[in-house]
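Student: Have a look at this one before I ask anything.
The values are calculated or read from the model by the stated rules, or taken from the named source; none is laboratory data. Quick caveat, the model's predicted, so the values are computed rather than measured. For neighbour counting, all protein chains shown are included, and Cβ atoms are generated from backbone atoms with ideal geometry for every residue, glycine included. To get the accessible areas, we keep the full protein, side chains included, count just its heavy atoms, and leave off ligands, DNA and RNA. Shrake-Rupley method; radii C 1.70, N 1.55, O 1.52, S 1.80 Å.
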Amino acid sequence: MSENNEKENGKSVFAKISNISRWLTGSREEKVDREDESGAEKPEETSAKETAKAPNSGGQSRKRKRPARRRSASQKKQDAKEKPAEKTENGGGSQEKTQTERQGRKKTGRTRTKKPEETAEASRAPTFCKLLINTDEPEECRIALVEDGRVEAFNLQSVMYTQTRGNIYKGRVTAVEPSLQAAFVDIGEERNGFLPLSEIHPEYYADPSLKEKRGRDLRIDQVIKRGREVLVQVVKEATGNKGASITTYLSIPGRFLVLMPGSDSAGISKKIDDEKQRDKLRAMMKSFDIPEGIGYIVRTASQGLTKSALSRDLKFLLKLWEEIRERGRKNQKPGLIHREQDAIARFLRDHFSENIQEIVVDSEDALRQVNEFLELMPPGRKKKVRARLHRDSRPIFNYYGIEKQIEQIYQPQVPLPSGGSIVITPTEALVAIDVNSGSTDRGGNFEDSIFQANMEAAEELARQLRLRDLGGLIVVDFIDMRDNANKRAVERHLKACLKRDKAKTDTSPISKFGLLQISRQKISAPVEKGAYRICEHCRGRGLVRSAEALALSFLRRIQTGASDKGVKEVRCRLPLEVAEYLQNRKRRELAELENRYQVEIEISGEPDLLPSKSKVEFVRDKR
């Protein structure tokens with residue numbers, strides 16, 4: 001009996017499931033029929049939400065739905081012809097449609113989301129580039145490259161500071177340090193140049209047999225001797241107490257070529273990616289008569305250049321090299337024998353591109369220099385550039401609204417569009433950059449706000465490194481992000497922004513502490529060096545000691561000196577505020593010192609005296 005009951009129960013359950021399935025099918029067919037009759041737009045597929053609700057709708061659904069009407073075989077065939085994919089979920093058509101839609105979404109259905117760095121590059125594509133040259137004052141020359149109203153490159157030359165990078169000197173080795181594997185060379189400047197072993201050309205080796213050896217097999221004291229005369233070039237400016245870094249591998253840059261005396265290497269700029277153009281330039285260079293032992297690099301500006309223009313640049317550089325060699329032979333003392341071009345010629349040589357459509361200057365001499373540079377360009381490229389004189393009564397940088405951006409270069413804090421900021425602090429060992437959220441996190445999603453602030457900071461700090469000429473090790477403290485995908489996006493965005501930099505850069509991933517490290521080649525001294533000097537009060541620290549702290553420090557010095565035998569008088573020249581503090585607040589302590597050690601203490605205050613110029617003198621008994 002039990003077995004028969006179980007079979008009957010199973011049949012009844014199966015029958016119920018079949019009825020529910022037929023009911024669902026009929027309900028969907030009826031819905032399709034109603035939509036066909038009304039002409040309404042049909043969805044491509046049933047949403048997951050509706051599919052999940054349908055089996056559990058129970059009796060309520062039966063009350064709303066009317067029973068499906070029966071359709072003839074001819075009507076079903078006609079429907080199948082007109083809508084072969086609009087079948088029930090139990091049929092193969094719906095499965096085929098779903099699979100096709102999934103494939104279509106994978107291949108073409110979804111629009112690819114651009115990476116942040118791609119969007120940034122597209123938004124930064126300059127539509128109008130202008131070069132502004134400000135030389136109306138003889139003490140200072142300022143050059144700014146402006147793209148769509150934003151300063152993207154800046155150069156400053158003033159009487160306070162003259163760039164030495166690229167200069168060629170005749171030098172004499174004054175010291176050889178085996179522990180440093182380097183030599184110190186007198187180049188006629190205030191500090192000697194630093195010459196590492198790796199920067200010594202084999203032609204200067206004391207023993208010619210050492211030319212076959214490389215790397216660790218060589219020792220500096222074997223390679224070069226004290227008193228050896230060498231031709232050297234500055235590759236890194238002198239900073240602080242450190243002398244300039246120099247090399248004996250010389251390079252003489254021109255507009256289209258870089259000449260490398262003492263080298264047999266030849267190359268073409270990697271930025272020229274057109275193989276036909278590279279082959280054409282390579283064939284041009286092979287057709288020229290280049291002396292043996294002189295290498296070259298074809299610069300990016302040579303794209304589309306004629307053979308005659310390339311030949312003129314090569315002849316000019318070869319002639320210049322012969323003049324440098326001749327001066328080196330004639331000069332008996334260490335000193336400068338070739339100075340790098342001035343600021344205008346150097347900036348045009350290194351930064352001029354096809355995007356620049358206008359050059360505006362505010363002096364006749366600068367206009368003449370720009371026109372001479374443009375004469376060297378091919379006629380087709382020359383027509384696209386307009387050079388003119390600024391004639392407005394307002395200064396050129398104020399007229400074009402970039403003076404505020406120039407002043408921002410010298411400020412430690414740089415605002416961001418979303419309300420945050422970055423704070424740049426150069427130190428002796430590295431440059432620290434801190435990213436502050438500010439008002440970025442007000443409202444909205446916190447993680448998205450932080451991500452936006454970090455993306456803006458990555459773009460702005462890359463620009464500030466270029467404008468300020470900051471090099472060496474740079475540590476960036478980004479705002480902490482929880483999502484690893486956002487961290488990787490910020491890293492990619494920063495690398496994309498650094499591609500515009502002419503200096504070589506390298507970056508590390510964001511660490512678990514939110515720090516990212518950048519190594520940037522030092523092309524020249526920081527731009528602030530040409531406009532600022534070290535504070536005489538704080539000596540570059542940014543802080544000065546209070547009058548109280550200085551007074552107590554001098555009081556201890558007075559006590560220490562007065563306790564020495566033979567001291568009869570103590571004379572102090574102090575800043576006025578410090579002197580008044582000692583005479584008014586420490587009168588009793590000074591009187592006790594005079595009675596205890598039988599000395600006379602004299603304190604005079606001077607209002608204009610700097611704390612660093614204070615003087616304490618101890619007068620001894622001559623007997």
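Student: Residues of segment 270-310 with backbone nitrogen within less than 17 Å of a virtual label 7 Å along the Cα-to-Cβ line of Glu322, please, listed as ranges.
Tutor: Residues passing the 17 Å test: 288-295.
Student: Name the GluC sites (Glu not before Pro) in segment 190-294 that are in a loop by DSSP and that have at most 13 other C-beta atoms within 10 Å, would you?
Tutor: Filter output for segment 190-294: Glu190, Glu292.
Student: Additional query: Based on alpha-carbon centroids, what's the gap between segment 401-472 and segment 527-604 in Å, whole number please?
Tutor: Cα centroid to Cα centroid, the span is 41 Å.
Student: Just the number: Rg to Rh for segment 380-496, Cα atoms, Kirkwood Rh, two decimals.
Tutor: So for segment 380-496, dividing Rg by the Kirkwood Rh gives 1.10.
Student: What is the Cα centroid distance between segment 477-497 and segment 208-250, reported in whole angstrom?
Tutor: 41 Å
Student: Then there is this: Rg to Rh ratio, segment 302-448, alpha-carbon atoms and Kirkwood radius?
Tutor: Here Rg/Rh amounts to 1.12.
Student: Summarise the accessible area of segment 274-341 (1.4 Å probe, protein heavy atoms) by the percent that is carbon and sulfur.
Tutor: Carbon and sulfur atoms account for 50 percent of the accessible area of segment 274-341.
Student: Now for a separate question. Could you work out the Kirkwood radius for segment 475-561, taking every pair of different alpha carbons, averaging 1/r and inverting it, reported in Å?
Tutor: 17.5 Å
Student: Now a separate question. At 1.4 Å probe size, with the rest of the protein present, what percent of the exposed accessible area of segment 388-527 is carbon and sulfur atoms?
Tutor: The C+S portion of the solvent-accessible surface of segment 388-527 is 48 percent.
Student: Using the Karplus curve 6.51 cos²θ - 1.76 cosθ + 1.60 with θ = phi - 60°, what ³J(HN,Hα) values do you get for each residue of segment 385-391, in whole Hz, with x for Gly and Pro?
Tutor: 10, 10, 10, 8, 9, 6, 10
Student: Heavy-atom accessible area per residue, segment 247-386, 1.4 Å probe: how many Å²?
Tutor: Computed with neighbouring chains in place, this is 54 Å² per residue.
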